[in-house]
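The values are calculated or read from the model by the stated rules, or taken from the named source; none is laboratory data. Owing to the predicted nature of the structure, the values given are computational and were not obtained by experimental measurement. Here the Cβ positions follow ideal geometry from the backbone for every residue, glycine too, while neighbour counts run over all protein chains shown.
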Amino acid sequence: MLSPGPLSINHAQVADCKSCHTAASEDMSGWLHKAMSRDRNNDGEQCLNCHKLGDYAFVAHSTSHNNLRLKTREDANLDDSNWKSRLASEFHQFSSGESTTIACSTCHREHQGRSHSLKAFATEKCHTCHQRKFDVIEESHPEYTKYPHDKATSIRFNHVKHLEDYFYKDEYFDIAPTGCKNCHDTDQTGEWMLTVGFDDSCSACHIDQILGERRASAKGVAVLSIPELDTETLEKQGLNIGEWPRADGELSPIMRLLLSTQETGLTQLERVELYDLSEAEPEELEHVARLAWAIKSLFHDIQSGGTRHLNERLSGIFYDSLDQSLLNRLIASLPRDTLVSNQEDWFPNLASEIKEYRAGRLTLSSPFLSSTDTDLTESVNDKAEIASSITEKGVLSEESDLLIEDDELLEDDELLDDDGLFEVEDDLLSDDDDLFADDENEGERSDSAEIAESSSDINVIASEDWAESGGWYRDGSTLRYRPTDHADPFLKSWLEVSADMSSPLTENIYSMLTAENSVGNCMKCHTKSVQNGEFPHVSREQNRWQSFKPADKATDFNRFSHVSHFSLMTDDGCSSCHLLNMEEDTESGVETHFLSMNRNTCTQCHQEGRAPASCLTCHHYHVDNRSRSIDWISDELKPIRD
């Protein structure tokens, strides 16, 4: 007698009335009170036992009031119409009182039969709340504004420029996309059109730019560098920096960051040209000398401590905020052999110099005992110390059988010249006739100078081209890192950490990596806009590394299925709806690429008597994304497994 009707098939598993109605176990007075109550939630809390609608379940559209205000502000210029809907809204406000919540049963009515759709309700119900109303979609629905491209895309890509300037050129014609489907494909639901990966859509034209094959400037990022110093001025002022190589560069931004943990005086040297110190003040010259020793100490500590030392330096610089995997990517597996071989060329006596400097036996103004200007026999007295000194400088291994006996090394006058340096006898070298092939027989040059010059040219070319597939290489007095592929983890990690930490040092790194001709040129595509010709400085979370994913859209009022409309396209394909905007919207700073669609595009079909035209045909009610992550599902299933 009391049953209001069967439940829909969606709720067929409900066991009894108490599962949904809190008053089911009360007497008749409790039922009447519940029925007459103006509590808008009524028994809606019971629904949340199964349906997860977030913190704003009973707010309009189940989203925050802030989201609603933003959407209302966007639609502020839309026209009002339809007196019937406005009148219905007045009655709705009268019946709802001051409450701002909406119960689930307002829209979802049960006990209407097993085949009843819980989502089915008249369009007029939407108009009872909305201040701006319309009657039929083809006549009074508000015109679209910048739909569907009202915001910047995740990946910067100018469709007009590519179509007009590149795709039809002879040099790109064979590799350019032939249609929209070459770069875009639907997601699993068929609702969204997504961008395919870089390898399938962009690499044919852009991979060479990333790897640097067409780059006139340096193909790799400067990491460890030795600056050119005016050693002559330092010596005249009595400042000792030991041996210093014939460098040809300047301190890289990353090098400056690594040196920031030492007393280098870099901040006092911002306006000093290190390669010309003739006009520098005495205090500035002392800072330069300290900088030189800091650079030597850095190379020494990296060689002796390995990547662990670099990890510790970087971790301290970023206040222990970086996890181990990110630290490893910042170092990019720097090969020890690469560092050692170049360090031995730049600073052959580094170990002994740093040992003397740190022991306090060497000051900035004291002369340094070097084997290049002092007889080695005055500082080393026996064979064991000679072997130790030589191996410490990285010349020979301890087990080497090439060490000369001290009688031969120190006492044989024939092996030493007047300055106490080694003199090589003619018979220790092969004769030119044996070393170089005869011109007539081999057809090659026998001039040793030309061969040496040719060998030098080969080494210069090989240094950079050897790293063609990416990795570390030497460029003069700088160790550089060259990208290995698109989305190179070294470049990506340095961009993230330098963007996330606000300091002059990290800003210099960020500027270096985002410059117009930067290595990899990542920000050409992976930023939302360009401001005054420069890329904006954004936090790590704001870096746009990936194209749009449906999960990225936290709040979405609109719904559209591309798959269900493919059969309706004309011969123009996607251009049936999406027309290119040949004039960029420079004022808004957003590259729209496409003209806004108009209402007529949809109402050709969606009107009464033809295709569905209710509000929910094109709009969501519960607009916040409720997708479940794999981690959430795993946590929910864990008690069952246990």
When the residues of the range 491-517 are narrowed to those that are crowded, with 19+ Cβ neighbours inside 10 Å and small (Gly, Ala, Ser), which ends up farthest from Ser315 (Cα to Cα)? Ala499
Could you tell me which residue of the range 303-340 is nearest to Leu513 (Cα to Cα), considering only residues that are surrounded by 13 or more Cβ atoms within 10 Å (Cβ to Cβ) and among the hydroxyl-bearing types (Ser, Thr, Tyr)? Ser315
Of everything in the range 303-326 that's touching a residue at least 60 places away in the same chain (Cβ under 8 Å) and part of a helix (DSSP H, G or I), which residue is farthest from the chain's Cα centre (by Cα)? Ile317
For the range 275-298, what are the residues that are surrounded by fewer than 20 Cβ atoms within 10 Å (Cβ to Cβ) and aromatic (Phe, Trp, Tyr)? Tyr275
Restricting attention to the range 167-219, the residues that are closer than 22 Å to His578 by Cα and aliphatic (A, V, I, L, M) number exactly 4
Just wondering, is there one or more residues in the range 90-112 that are surrounded by 12 or more Cβ atoms within 10 Å (Cβ to Cβ), at pLDDT below 80, among the charged types (D, E, K, R) and in a helix (DSSP H, G or I)? no
Look through the range 109-163, keep the residues that are farther than 24 Å from Glu608 by Cβ and among the hydrophobic types (A, V, I, L, M, F, W, C), and return whichever of them is nearest to the chain's Cα centre (by Cα). Ile155
Considering only helices (runs of 4 or more DSSP H) wholly within the range 327-394, the ones with at least 1 residues that are within 30 Å of Tyr510 (Cα to Cα) and modelled with pLDDT of 50 or more are 336-346
Go through (1) closer than 28 Å to Val519 by Cβ; (2) surrounded by 15 or more Cβ atoms within 10 Å (Cβ to Cβ); (3) charged (D, E, K, R) for Asp230 and report which single condition fails. (1)
Please specify each residue of the range 139-167 satisfying the condition of being surrounded by 17 or more Cβ atoms within 10 Å (Cβ to Cβ), modelled with pLDDT of 75 or more and under 20 Å from His620 (Cα atoms). His141
Ala332 meets each of (1) in contact with a Ser or Thr (Cβ under 7 Å, 6 or more places away or on another chain); (2) within 18 Å of Asp488 (Cβ to Cβ) with one exception, condition (1)
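Every residue, every condition in (1) within 23 Å of Pro489 (Cα to Cα); (2) in contact (Cβ under 8 Å) with a residue 40 or more places away in the chain, yes or no:
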position	(1), (2)
Ile210	yes, yes
Ala222	yes, yes
Ser225	yes, yes
Glu235	no, no
Asp248	no, yes
Pro253	yes, yes
Gly265	no, no
Glu270	no, no
Ser278	no, yes
I need every pair where a residue in the range 146-158 that is part of a loop (DSSP other than H, G, I, E, B) has its Cβ under 8 Å from the Cβ of a residue that is aliphatic (A, V, I, L, M) and modelled with pLDDT of 80 or more, sequence separation at least 6 or different chains. Tyr147/Met597; Pro148/Met597
Would you mention how many residues in the range 466-504 are touching a residue at least 40 places away in the same chain (Cβ under 8 Å) and under 17 Å from Leu322 (Cα atoms)? 12
Can you pull out the residues in the range 597-617 that are exposed (fewer than 15 other Cβ atoms within 10 Å of the Cβ) and among the charged types (D, E, K, R)? Glu608, Arg610
Hits in the range 191-243 - residues which are more than 20 Å from the chain's Cα centre (by Cα), over 30 Å from Lys553 (Cβ atoms) and part of a strand (DSSP E or B): Leu224, Ser225, Pro227
Residue list for the range 274-309, filter: hydrophobic (A, V, I, L, M, F, W, C) and under 19 Å from Leu362 (Cα atoms): Leu285, Val288, Ala289, Leu291, Ala292, Trp293, Ala294, Ile295, Leu298, Phe299
Ser252 fails exactly one of the following numbered conditions: (1) crowded, with 19+ Cβ neighbours inside 10 Å; (2) more than 27 Å from the chain's Cα centre (by Cα); (3) at pLDDT 90 or above. What is the number of that condition? (2)
Conditions: (1) assigned to a loop (DSSP other than H, G, I, E, B); (2) at pLDDT 90 or above; (3) surrounded by 13 or more Cβ atoms within 10 Å (Cβ to Cβ). Arg246 meets all but one. Number of the miss? (3)
